[in-house]
1. Specify the inter-centroid distance of segment 174-241 and segment 148-166, based on alpha-carbon positions, in whole Å.
2. What is the Cα coordinate range of segment 127-175 on the first, second and third principal axes, sorted by size from largest, in whole angstrom?
3. Can you bin every Cα-Cα distance in segment 55-126 into 5 Å intervals starting at zero and give me the percent of pairs per bin, rounded to whole numbers?
4. Label-point separation (nm) for residue 141 and residue 167, each offset 7 Å from Cα along Cα-to-Cβ?
5. Given just the C-alpha atoms of segment 90-179, how large is their convex hull per residue in cubic angstrom?
6. Which of the three applies to segment 123-260, rounded, prolate or oblate, going by the alpha-carbon gyration tensor with a ≥ b ≥ c and a/c under 1.5 meaning rounded?
7. For segment 43-95, just the Cα set please: Rg and Dmax, both in angstrom.
8. Taking 0.36 nm per intervening residue step and subtracting the Cα-Cα distance, what contour gain separates residue 227 from residue 57 on full extension?
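Bear in mind these aren't lab numbers, they're just calculated from the coordinates by the rules spelled out. This is a predicted model, so every value here is computed, not measured. All Cβ positions, glycine included, derive from the backbone under ideal geometry; neighbour counts span all protein chains shown.
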C-alpha cells in the first residue's frame, strides 16, 4: 500500500513538471490594437525686427536761397496743406521782381519804337515802288528803301523777342518771390525742423531740407526685415504681432500688406550698408552674402503710442507647415 502512494506521488510530480515546462515554452499570443490617426500641424514662427514709419513722409525744402525770417511752426505742430511753415526774407526777391518788370517795360517801349520805324519804312517802300515803276527815281533808291524796310521789320521781331524774354524773367521773379514763403504740401505733423530764424539757406547746389512732415500717425507702417530663408512663408494678408521697447508689456497687431521683391540687404550678416557706405539695397548681389527682403506691415495707432523710428520685435506665426 505504501508503495502505491509513493508511485502515485511521483507520477503527480512528473505531470506537474510537464505542465510547468509547457507553459514556460509557450510563445505569447500577439494582440492587435486599432488606433485612430489624427492629423497634426506644426507651427513655424518667423521672428524678426523692423522700424516703424509714417505711411506718408515728406521732406520739405526750399528752391531759393535766403535768410529765414519767420518760423510759424515748430516740432510736433499739426499743419494743414498750404499752411505757411517758414518765410524767407523777401527784400531781394521783391527787388528782382521790380527790376524784371522795368526791363519788360523797356522792351515794350523798344517794340513800339521798332513798329513805328517799320511802318515808316513800309510807307517809303510803297512810294518808291510807285515811283520806280514810272521811272521817276533810280533803281538804287528803290533798293535802299527795300533794305530799310527789311531792317525795320527785323527790328520789330527782335523787340518782340526781348519782350518774351523779359516776360519770362518777370514770371521767374514772381515764382521766386512765392517760393520765399514755404508751405506745407500735405496735412500732417512736423516731425523735425532743421533751421532757425536768422539762418541762411543755400539752394544753389541742392535743395536743403528744412522740415520733415509725417502724414496721419494713426495709420503707420512697419518695415520688417525678412530673411531669405523665411520669405517664402510670409504673404500679404498674414497677421503679425510686435512689441516696442517703450511699451514692453503691450502687444501690438498688424497685417502684412506687401513683401517687396527688391533685396533689402545685400551685405554680410549684421551689416546695413554696402561698400563706401552705400545703402545695401543699391549694392549688387555678391556670392556668400545674406539677402533679406522688406515686408510692409500696416499698423493702426489710434492712441498715438507708436512713433516714427521705433524699433519693433515682430512675430509672424500664422504659418502652418
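1. Each part's Cα centre sits 50 Å from the other's.
2. On the principal axes, segment 127-175 reaches 60, 14, 7 Å in Cα extent.
3. Computed distribution, short to long bins: 3, 11, 13, 12, 10, 8, 8, 7, 6, 6, 5, 4, 3, 2, 1, 0.
4. With each label placed 7 Å out from Cα toward Cβ, I get 4.1 nm.
5. 59 Å³
6. prolate
7. Calculated on Cα positions, Rg and Dmax stand at 19.4, 71 Å.
8. That works out to 58.6 nm of additional length.
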